[in-house]
Every structure is written in C-alpha cells, then in structure tokens.
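Undergrad: Here it is: the structure, laid out below.
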Amino acid sequence: MEKDAKKAAEKKGLNIREITACEATAQMLERMEKDGAESVFHRAASMKPCPIGSQSACCKNCSMGPCRLNAKDPYSKTGVCGATIDTIQARNFARMVAGGAAAHTDHGMSMLDVFREVVNGNIKEFTIKDPIKLEEVAREIGIETEGREIKDIAIDLYEELERTYTQVEGEIPFAKRVPPKTLETWRKNGVVPRGAMREIMELMHRTHIGVDQHYENITKQFTRTALSDGWGGSMVATEISDILYGTPTPVRAEVNMGCLKEDHVNIIIHGHEPNLFEAMLESVNDPTLIQAAKDAGAEGINLLGMCCSGAEMLMRHGIPHAGNFLSTEVVMATGAVDAMGVDVQCIMQGLYKAAECYGTKLFTTNPRAHIEGVEHIEFDEHEPRKCTDAIVEMAIVRFKNRKIPIEIPNIRNLGIHGFSHEYINYMLGGTFRASYVPLNDNIINGRIRGVAGVVGCTNPRVRHDWVHVELVKELIKNDVLVVQTGCSQISLAKAGLYTPEAAHLAGPGLREVCEAVGMPPVLGVGSCVDNSRILIACAEMVKTGGLGESIADLPVAGAAPEWMSEKAISIGHYFVGSGVYTVFGVTFPIVEETKFHKLLFEGLEELGFGTWDFTPDPYEMAHKMIQHIDKKRKALGIDKARERVLFDMASRREMEAA
Ligand code: NFS
C-alpha cells in the first residue's frame with residue numbers, strides 16, 4: 001500500500017517551480033520530465049534523508065555497531081563501546097572537517113606541484129603570470145626579495161609553502177598573516193596548525209574507536225585541522241593560482257544556460273582545479289581546432305564553466321558560467337553540450353546517465369577521480385594540451401552528429417566579477433592610496449553596517465538558489481556589503497545582483513558607497529578555495545585599524561545557506577576558528593541540546609573564537625547576522641555613528657518630502 005502511494009507520488013513528477021528558483025534549470029527540468037530523464041532533483045524526491053544520520057546520532061566507526069542513538073533522548077543510550085552522544089557527534093563532525101580539509105589541501109598541493117614544475121622548467125605550457133604577487137606573498141612570509149631573481153624567490157616560496165602540508169612541528173607559513181590577537185587566541189587554545197597532512201592524520205587517528213573520547217579535545221583538533229585548510233591548503237591554492245594564471249581584476253561576464261550557443265561547439269569544464277581549464281582555454285583558441293570546428297559546420301568553439309573552476313575562470317578571464325552544482329546534470333538536457341570535461345570534487349556520478357541520455361561526451365581527466373562507465377582522458381600538466389585537444393576534437397565530432405533537438409533557455413545575466421582582495425584594496429583606495437582605510441571608514445561612519453560572506457553549495461533539500469538570493473537581498477537592503485564565492489555567487493549572478501545597477505536594492509548607506517565607487521553591492525571573489533580571500537580581507541580590516549584588534553572583533557558574519565558538502569563544514573569551521581559568526585542553513589548535523597552542540601553554538605565564542613548558528617530561513621538568517629554585526633558595532637563603540645547616519649537619511653527624506 002505504502003509502496004503504491006510512493007509510486008503514485010513519483011508519477012506525479014516534480015513540482016518544478018517549488019524546487020528551483022532558477023528559471024533555466026526549471027525549463028530544463030521540464031524537458032527532463034518529458035523525456036523521462038533523471039536528475040539530482042528526482043533522486044532527492046525519491047530518497048528521504050535518514051533521520052538518525054541527518055542529526056549525526058549514529059556511529060559506524062567499528063563493527064560492534066553501527067550504533068544508533070536516540071536523537072529525542074540523546075543521553076538515554078551509548079554506543080556498544082560506551083561512546084556518548086557527544087563523543088559520537090564530535091567524531092562525526094571532525095571527520096567531515098577532515099574530509100573537507102583534505103579536499104582543499106589536496107587541491108592546493110596539486111597547485112603547488114604545478115608551481116614547482118613550472119619553476120624547475122619541467123612544465124613549459126604554464127608560466128608565472130603575476131610576478132608582483134609572487135614577490136608580495138614571498139615577502140609576507142619572510143622571504144627576502146630585494147634585488148633577487150624571480151626564479152630564486154620562487155624556489156624559496158615553493159619550499160616555504162610546502163611546509164603548509166608537510167611540516168611536522170611549528171606553525172604554518174601563513175600564520176604570519178593572522179592578526180596578532182587572533183593568533184594569540186589560537187596559541188592559547190593550542191590550535192595553531194602545524195602541517196595539514198599531520199593535522200588530518202592526527203584527526204583521523206583521534207576519531208578512531210577508542211582514542212579521543214572527550215568532545216572538547218576532539219573539537220580542539222578539528223579546529224586546528226580546519227584552520228590548516230583556510231589559512232593553509234585553500235590559501236596556497238588561491239595564491240598559487242593567482243601567481244600562475246593572474247590575479248583577478250573586475251571583468252564583465254555572463255552567466256546562465258543561455259550562454260550556450262546553438263551554432264557553436266559547446267564545451268563545459270566542471271570541477272575545481274584551474275589547470276585543466278587554463279589548458280582548455282588554450283585549446284579552444286587554437287586556430288587549427290577552430291578551423292576544424294568550422295569545417296564541421298560550427299561558427300566556432302564556445303567554452304563555458306560550471307561550479308568552482310567555472311567561478312575561477314569567470315572572475316579571472318570572464319569565461320561564461322553555465323550554472324552551479326545542482327544544474328550540472330540538468331544543463332545537458334539542452335542537447336547543446338557537446339562535451340563536458342570534469343576533474344575533481346562535486347562531480348555527481350549521475351552526470352553519466354544525463355550525458356548518456358542527451359548525447360553529451362563526458363570525460364573524466366584526473367587520476368584521482370574516475371567514474372564507472374565514463375571515458376577517462378588523463379590530464380598531465382606536463383603535456384596539458386594532449387588531454388584538452390582530445391576533448392575539443394571529440395566535441396567537434398559530437399557537434400557534427402548532433403541528434404537531440406537543441407533547446408537552450410534564452411536566459412543570460414551580465415555582471416561584473418573578479419574582486420580579488422588586492423583589487424578591493426585598490427578599488428576603494430585608488431591607485432595612489434591603495435588600502436582598506438575607505439572600507440573601514442565607511443564601516444565606522446555607518447554607511448556600511450558590516451560585511452557578510454555568503455558562500456557555499458546548492459542543495460536539493462531546499463529550493464535551489466532561493467535561499468541564497470533572499471538572504472543576500474535582505475542583507476544588502478540593511479546596508480551589509482556581501483562578498484561571495486562558489487555556487488552561491490552564481491545563484492546571485494543569475495538573479496542579476498552582480499551589476500552596479502543592483503545598488504538600488506541596497507540600503508541608503510551601502511547604495512551611496514556603491515554609486516561612488518561604481519561597484520555592485522555584492523562582490524564575487526571566486527571559488528570555494530578563494531574563501532581564503534575573505535580571510536585575508538578580514539585580516540586587512542583588522543590591520544587597517546579602528547575595528548578592533550582581532551577578527552572576532554569585526555562587524556562581519558558568514559553564511560552557507562544551501563550547503564551540502566564536507567568542504568562546506570571545513571570552511572564553516574575555519575571561519576568560526578578565525579573568529580567569525582557563521583550560520584548554516586538546510587540542516588545542522590548535530591542533535592540540539594547536547595554538550596557538543598552547546599560548545600559549538602556558545603562555548604567557542606567564550607574561548608575567543610567565532611560561533612556557529614543555524615536556521616533554514618533566509619530572512620531569519622539575515623537578521624541573525626545583522627544582530628551579530630550590530631553587537632560587534634556596539635562593542636566597538638561605533639553603533640552611535642550608525643544611528644546618526646540613519647537620522648541623517650531620515651531627515652533628508654523628510655526634506656525631500658516637504
Ligand atoms: Ni564549494 Fe565548489 Fe559548489 Fe559547494 Fe561544490 S562546487 S568547492 S562544495 S557545490 S560551493
């Protein structure tokens with residue numbers, strides 16, 4: 001009986017407008033429904049999340065279990081080994097941090113591998129595009145640069161940054177960028193990362209059955225591990241990508257599925273490491289391959305990105321972006337994607353079926369990420385074009401033999417992307433006085449109430465894009481400047497908030513600043529590893545002065561309203577570890593009213609860190625963040641300034657009315 005009901009519900013199909021706020025995704029889901037094709041949205045509808053697992057009240061770390069505890073009465077039971085709910089949850093949370101931190105640091109490590117090979121002359125296709133940044137980064141971590149050759153500085157930089165991963169004792173190099181008072185908090189609590197490999201290894205050890213069985217001690221180690229991601233692996237990934245491929249500056253670019261072109265060979269690169277994408281950019285500009293595409297009847301080759309490497313290429317080169325995580329299968333329903341090349345992270349296995357259904361040539365390229373049934377063309381950084389040229393050639397063949405009727409949603413959104421920390425510096429300060437002083441001043445005088453980082457994934461358990469968009473709109477309406485990365489940035493770009501004109505949606509203070517500088521009220525700073533740019537911006541704000549002595553003093557807040565990955569948990573926790581109030585949506589993987597929950601949601605703040613919070617509602621989320629920002633303004637004694645500005649605005653309006 002129950003089965004029949006379920007089947008009937010499945011037959012009814014998806015309630016498309018309720019599951020996504022993205023019009024292009026909705027249109028393609030309609031097509032998939034007609035074609036009987038499957039997507040992440042369909043699978044989410046037919047699979048209910050496990051209620052015990054979603055609260056992290058189970059343990060499968062050994063074979064005496066798996067043990068299921070009672071989330072409603074969490075202290076009524078323990079695991080077979082005697083592990084309490086707090087131990088179990090802390091261990092589960094810790095392993096999510098370890099998984100996420102491992103992903104980011106392994107990504108950073110492969111960027112460093114490429115850098116080493118470029119410096120040694122073993123890779124010729126890539127070069128050092130931004131030697132100025134190389135020198136700056138080197139200087140910041142104590143490497144002598146005066147009068148030295150770039151190559152010699154680069155060799156030292158490589159060796160120094162390698163310690164981010166391999167060092168067994170001491171502090172990671174970028175600890176030098178942490179504001180002294182924040183670093184003092186870390187030292188006092190024993191959480192300054194040594195090397196990421198060591199931290200992740202120790203965390204996996206400590207969460208094994210029968211090792212660390214105090215949730216506070218486990219929390220200490222996963223804080224250290226998360227910090228080795230944010231100020232370590234992720235930061236290295238960002239800095240080395242800038243050095244090799246150029247530091248982003250603002251660029252006009254388009255997003256959404258309408259960027260696909262019916263009369264072009266369309267190639268999408270989806271994943272996280274920019275190396276594959278950079279090589280692909282060379283391939284699609286190769287005159288021989290362009291000619292081959294023309295010979296096949298195409299007008300040219302159209303390269304697009306998706307997910308995080310897409311976000312990086314969007315901001316670094318203005319390459320169009322076709323959509324975020326939840327749209328990666330759906331986009332193939334256009335029939336217009338001739339080839340998709342993927343590398344690592346957030347690559348759904350379901351892509352295989354969608355590609356098969358709509359005739360897209362799908363390729364895995366990274367030795368670390370194969371998919372059963374999918375053709376693998378290995379990408380070797382020493383001969384990058386071998387792989388990318390092959391993908392282009394196959395895409396051309398597919399173009400010639402297109403069988404599926406093409407249906408491209410006619411939606412494109414123009415915006416300005418590419419606000420690196422360096423550019424924010426320059427933009428607000430001007431060429432001759434590049435600094436954060438104007439930002440700090442505008443925060444102190446209350447035109448800008450505070451800064452919010454809104455980042456992270458999209459998740460089919462909530463209405464796709466909607467939570468991001470509503471949250472950000474509410475924040476800017478209240479004069480909070482928003483910086484963004486990853487899939488969240490694409491949600492807002494699709495909603496049209498990446499134009500300077502979107503400033504009219506901002507509150508009067510923020511609008512004034514945006515109009516004066518000509519910037520959008522929402523700044524995209526890149527992919528998820530580029531959240532490190534937000535950390536650097538926070539450190540700069542502290543250094544510039546007037547907003548307290550540590551990151552925890554700043555009127556800033558962070559959010560991942562539609563998160564889904566372990567990487568998001570690691571990011572969330574390194575922001576908390578750095579002193580930032582951070583709120584997540586969807587669900588929070590902990591039972592409420594446990595000691596561990598209390599530690600994350602209250603206790604950490606008392607130790608000088610930031611704090612976790614949770615709500616699935618975007619408006620409540622915005623106001624929780626604003627409340628925190630106001631609390632910090634008050635503690636800094638700048639709440640009065642803000643009141644005065646509000647009064648000024650009100651009186652101005654009164655005058656206008658009169
Ligand atoms: Ni970030 Fe990038 Fe997107 Fe989430 Fe996945 S693409 S690293 S994890 S889903 S934001």
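The values are calculated or read from the model by the stated rules, or taken from the named source; none is laboratory data. For clarity, every value in this text was computed on a predicted model and none was experimentally measured. Please note: Cβ atoms are built from the backbone with ideal geometry, for glycine as well, and neighbour counts cover all protein chains shown. Calculation scope for accessible area: heavy atoms of the full protein, side chains included, ligands and nucleic acids excluded. Shrake-Rupley method; radii C 1.70, N 1.55, O 1.52, S 1.80 Å.
Undergrad: Kindly check whether there is at least one residue in the stretch 330-342 that is assigned to a loop (DSSP other than H, G, I, E, B), touching a Ser or Thr at 6+ places or on another chain (Cβ under 8 Å) and away from the ligand (no atom under 16 Å from the Cβ).
TA: yes
Undergrad: While we're looking at this one, here's another question. Which one is surrounded by the fewest Cβ atoms within 10 Å (Cβ to Cβ) among residues in the stretch 549-576 that are over 17 Å from the mean Cα position of the chain (by Cα) and within 19 Å of Met625 (Cα to Cα)?
TA: Asp553
Undergrad: Helices (runs of 4 or more DSSP H) wholly in the stretch 361-452 with at least 2 residues that are more than 30 Å from Ala292 (Cβ to Cβ) - which ones?
TA: 421-429, 437-444
Undergrad: Turning to a different aspect of this structure: Based on this model, can you work out whether Met348 counts as open to solvent by 10 Å² or more (accessible area, probe 1.4 Å) and within 15 Å of the ligand (Cβ to nearest atom)?
TA: Judged against the criteria, Met348 is a match.
Undergrad: Which of the residues belonging to the stretch 450-478 are free of Cβ contacts under 8 Å to residues at least 60 places away in the same chain and either in contact with a Phe, Trp or Tyr (Cβ under 7 Å, 6 or more places away or on another chain) or open to solvent by 10 Å² or more (accessible area, probe 1.4 Å) (or both)?
TA: Across the stretch 450-478, the qualifying residues are Lys473, Lys477.
Undergrad: Sort through Thr207, Thr182, Thr166 and tell me the only one that's in contact (Cβ under 8 Å) with a residue 24 or more places away in the chain and closer than 15 Å to Gln221 by Cα.
TA: Answer to the selection: Thr207.
Undergrad: Do we find that Pro250 is in contact (Cβ under 8 Å) with a residue 40 or more places away in the chain, of a type outside the set (S, T, N, Q), in contact with a Phe, Trp or Tyr (Cβ under 9 Å, 6 or more places away or on another chain) and open to solvent by 10 Å² or more (accessible area, probe 1.4 Å) in this structure?
TA: It is true that Pro250 is in contact (Cβ under 8 Å) with a residue 40 or more places away in the chain, of a type outside the set (S, T, N, Q), in contact with a Phe, Trp or Tyr (Cβ under 9 Å, 6 or more places away or on another chain) and open to solvent by 10 Å² or more (accessible area, probe 1.4 Å).
Undergrad: Read through the list (1) within 16 Å of the ligand (Cβ to nearest atom); (2) surrounded by 24 or more Cβ atoms within 10 Å (Cβ to Cβ), then give the number of the only condition that Ala354 fails.
TA: (1)
Undergrad: Another question, then. Keeping to the stretch 473-498, report how many residues are within 15 Å of the ligand (Cβ to nearest atom), in a helix (DSSP H, G or I) and of a type outside the set (Gly, Ala, Ser).
TA: 5
Undergrad: Now for a separate question. Looking at the stretch 219-322, what strands (runs of 3 or more DSSP E) fall wholly within it and have at least 1 residues that are within 16 Å of the ligand (Cβ to nearest atom) and within 16 Å of Ala339 (Cα to Cα)?
TA: Of the strands (runs of 3 or more DSSP E) lying wholly inside the stretch 219-322, those with at least 1 residues that are within 16 Å of the ligand (Cβ to nearest atom) and within 16 Å of Ala339 (Cα to Cα) span 265-270, 301-306.
Undergrad: Any residue at all in the stretch 118-131 that is without any contact (Cβ under 8 Å) to a residue 12 or more places away in the chain and either surrounded by 18 or more Cβ atoms within 10 Å (Cβ to Cβ) or not basic (Lys, Arg) (or both)?
TA: Yes, the stretch 118-131 contains a residue that is without any contact (Cβ under 8 Å) to a residue 12 or more places away in the chain and either surrounded by 18 or more Cβ atoms within 10 Å (Cβ to Cβ) or not basic (Lys, Arg) (or both).
Undergrad: Suppose we filter Val517, Val513 for residues that are open to solvent by less than 20 Å² (accessible area, probe 1.4 Å), at negative phi and among the hydrophobic types (A, V, I, L, M, F, W, C); which single one remains?
TA: One residue alone meets the criteria, Val513.
Undergrad: Sticking with this structure for a sec: Can you find a residue in the stretch 315-337 that is open to solvent by 10 Å² or more (accessible area, probe 1.4 Å), of a type in the set (S, T, N, Q) and more than 18 Å from Glu407 (Cβ to Cβ)?
TA: No, there is no match, as no residue in the stretch 315-337 is open to solvent by 10 Å² or more (accessible area, probe 1.4 Å), of a type in the set (S, T, N, Q) and more than 18 Å from Glu407 (Cβ to Cβ).
Undergrad: If Leu414 passes every condition in (1) over 30 Å from Arg31 (Cα atoms); (2) open to solvent by 10 Å² or more (accessible area, probe 1.4 Å) but one, which one does it miss?
TA: (1)
Undergrad: Could you grab the pairs with beta carbons closer than 7 Å, sequence gap of 6+ or different chains, first residue in the stretch 229-243 and under 13 Å from Ala102 (Cα atoms), second one aromatic (Phe, Trp, Tyr)?
TA: Asp229/Tyr574; Gly230/Tyr574; Gly232/Phe174
Undergrad: What are the residues in the stretch 440-465 that are in contact with a strand residue (DSSP E or B) (Cβ under 8 Å, 6 or more places away or on another chain) and away from the ligand (no atom under 13 Å from the Cβ), if any?
TA: Ile443, Ile448, Arg449, Gly450, Val451, Ala452, Arg463
Undergrad: I need a count of the residues in the stretch 584-602 that are open to solvent by less than 10 Å² (accessible area, probe 1.4 Å) and either within 12 Å of Val556 (Cβ to Cβ) or part of a helix (DSSP H, G or I) (or both).
TA: 2
Undergrad: Would you tally the residues in the stretch 503-548 being over 18 Å from the mean Cα position of the chain (by Cα) and either assigned to a loop (DSSP other than H, G, I, E, B) or within 16 Å of the ligand (Cβ to nearest atom) (or both)?
TA: The total comes to 10.
Undergrad: Among the residues of the stretch 477-491, what is the count of those that are hydrophobic (A, V, I, L, M, F, W, C) and under 20 Å from His272 (Cα atoms)?
TA: Here the count works out to 3.
Undergrad: Another question, then. Sort through Gly610, Gly579 and tell me the only one that's away from the ligand (no atom under 16 Å from the Cβ), among the small types (Gly, Ala, Ser), surrounded by 22 or more Cβ atoms within 10 Å (Cβ to Cβ) and on the phi > 0 side of the Ramachandran plot.
TA: After applying the criteria, what remains is Gly579.
Undergrad: Right, here's the next one. I need every pair where a residue in the stretch 94-117 that is more than 19 Å from Asn275 (Cβ to Cβ) and charged (D, E, K, R) has its Cβ under 9 Å from the Cβ of a residue that is part of a helix (DSSP H, G or I) and within 16 Å of the ligand (Cβ to nearest atom), sequence separation at least 6 or different chains.
TA: Hits for this filter: Arg95/Glu566.
Undergrad: I want to confirm something. Restricting to the stretch 34-82 and keeping residues that are surrounded by 13 or more Cβ atoms within 10 Å (Cβ to Cβ) and polar (S, T, N, Q), which single residue is nearest to Ala333 (Cα to Cα)?
TA: Ser39
Undergrad: Something else about it: Could you check the stretch 582-617 and list, in sequence order, the residues that are without any contact (Cβ under 8 Å) to a residue 24 or more places away in the chain and in contact with a strand residue (DSSP E or B) (Cβ under 7 Å, 6 or more places away or on another chain)?
TA: Across the stretch 582-617, the qualifying residue is only Phe601.
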